[in-house]
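The values are calculated or read from the model by the stated rules, or taken from the named source; none is laboratory data. Since the structure is predicted, the reported quantities are computational estimates derived from the model, not experimental observations. Methodologically, a virtual Cβ is constructed for each residue, glycine included, from the backbone with ideal geometry; neighbour enumeration extends over all protein chains shown. Note: accessible area is taken over every heavy atom of the protein model, side chains too, but ligands, DNA and RNA are not part of it. Shrake-Rupley method; radii C 1.70, N 1.55, O 1.52, S 1.80 Å.
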Amino acid sequence: MKYSDLLAEWLKEMGYTHCFYVAGGNIMHLLASCNQQFRMVSVIHEVAAGIAAEYFNESNPGAKAFALVTAGPGMTNLVTALAGAYLESRELLVLGGQVKTADLSRGSLRQRGIQEIDGVSIAKPVCSVAELLDQPVGLSLFRQMTTGGGSYRKGPVFLEVPLDIQGRTVGARRPGACGARSRFSGAARQ
């Protein structure tokens, strides 16, 4: 099973029913997996995906939506939706694509991979949680991240998933030996 399949299953178990998205190469595994689990709504622009998911969550009790965007300009186009959800203290989950982990510049260059940009650094000031999943995480940590890291105040969550992590083969319920991640503090902005 691909990690993207497992993430989609977990999101479905968490009550997600809809995905607003703009397709892109760096989310190809997530897009294929989500297409099997959710009502997929293609939009013209990433900010529309974010705002549509945010307002869907506010107006549809019993159903939940998230946004799916690709790396680079796909992520940067979404920042307005993240900021709006942050200012309004509204729930918004965004899964963002990223280049393969081997292509991440990690600050050594401006860009190494195609459309690589450090989306986490851009999103962090306007998110309750903004994390790069450069290794598969288990259900407990994924659930903690997607629900805002334990913050009492709602806010957007941005999880960036590199292409090779999306496509990695993992066990049916647990993605191998990936315990707690020390860099995820779970401390949300107040």
TODO: Would you check which residues across the range 164-177 are open to solvent by less than 30 Å² (accessible area, probe 1.4 Å) and modelled with pLDDT under 90 and list them?
DONE: P175
- [ ] Would you be able to tell me the number of residues in the range 11-21 that are open to solvent by less than 40 Å² (accessible area, probe 1.4 Å) and over 26 Å from N77 (Cβ atoms)?
- [x] 1
TODO: Considering only the range 41-143, give the helices (runs of 4 or more DSSP H) lying wholly within it that have at least 2 residues that are modelled with pLDDT under 95 and touching a Gly at 6+ places or on another chain (Cβ under 8 Å).
DONE: 73-88
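Is it true that G24 is open to solvent by 10 Å² or more (accessible area, probe 1.4 Å) and touching a strand residue (DSSP E or B) at 6+ places or on another chain (Cβ under 9 Å)?
Values: open to solvent by 10 Å² or more (accessible area, probe 1.4 Å): yes; touching a strand residue (DSSP E or B) at 6+ places or on another chain (Cβ under 9 Å): yes.
The answer is yes for G24.
Do the conditions hold for G96, that is, is it among the small types (G, A, S), open to solvent by 30 Å² or more (accessible area, probe 1.4 Å) and more than 11 Å from F20 (Cβ to Cβ)? Working first, answer last.
Values: among the small types (G, A, S): yes; open to solvent by 30 Å² or more (accessible area, probe 1.4 Å): no; more than 11 Å from F20 (Cβ to Cβ): yes.
Answer is no for this residue.
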